[in-house]
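The structure appears right after this line, and notes come after that.
The values are calculated or read from the model by the stated rules, or taken from the named source; none is laboratory data. This structure is a prediction, so every number in the text was calculated from the model and none was measured. Cβ: placed from backbone, ideal geometry, glycine included. Neighbour counts: every protein chain shown.
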Amino acid sequence: MKKLPCKSDNPQIPMWLIQTLKQGKISLQTNGKESFQLQIENNKINLNFLQKEQVKTLLKLEPTMEEKSILKKLKTLKNLAEKLKQNGFTMTISYKGQTMLTLGSQIHPNPISQMVTGTNAIEINNLIELAKLTK
């Protein structure tokens, strides 16, 4: 049995999950409501949030984060995005089926996105809707 690291900013948990689950679908419910759907297939991970609170939680990976700006919050995903890219994986993060972010290898970030996030492993697909979700 593999022991999972417990640091919140460590990308090992998602990579362990991705490398273990080659393909499949998972749906999670909390308090009787479907919270998110995860689908893995062909080195692509689709994470579709169905509740606004879970999107906020994802962008608050650093428990001490005081930043209010969505652009600065995106930097918290940098380590995960770069690890996905190194391993040839692509992850889309959506809210109710609308893609907000794409992380990893098969992305096309624009120069502004690269400057803001500090990496070419994060593509901001819908900044306006993403910003609305984090308020």
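Quick one: E62 ticks every box in (1) closer than 22 Å to K132 by Cα; (2) in contact with a strand residue (DSSP E or B) (Cβ under 7 Å, 6 or more places away or on another chain); (3) at pLDDT below 85 bar one, so which box is it? For E62, the failing item is (2). Scanning segment 90-135 for residues that are of a type in the set (A, V, I, L, M), outside any strand (DSSP E or B) and surrounded by 16 or more Cβ atoms within 10 Å (Cβ to Cβ) yields I107, V116, A121, L127, L130, L133. Of all residue pairs spaced 6 or more apart or on separate chains, those with beta-carbon atoms under 9 Å, a first member in segment 107-119 that is more than 16 Å from E82 (Cβ to Cβ) and a second member that is of a type in the set (A, V, I, L, M) are N110/I124; I112/I124. For N42, indicate whether it is at pLDDT 85 or above, crowded, with 17+ Cβ neighbours inside 10 Å and either closer than 20 Å to K25 by Cβ or under 14 Å from the mean Cα position of the chain (by Cα) (or both). For N42, the condition - at pLDDT 85 or above, crowded, with 17+ Cβ neighbours inside 10 Å and either closer than 20 Å to K25 by Cβ or under 14 Å from the mean Cα position of the chain (by Cα) (or both) - is not met. The single condition among (1) of a type in the set (A, V, I, L, M); (2) within 21 Å of K78 (Cα to Cα); (3) without any contact (Cβ under 8 Å) to a residue 40 or more places away in the chain that L21 does not satisfy is (2). Among the conditions (1) modelled with pLDDT under 85; (2) in a strand (DSSP E or B), L47 misses just one, which is (1).
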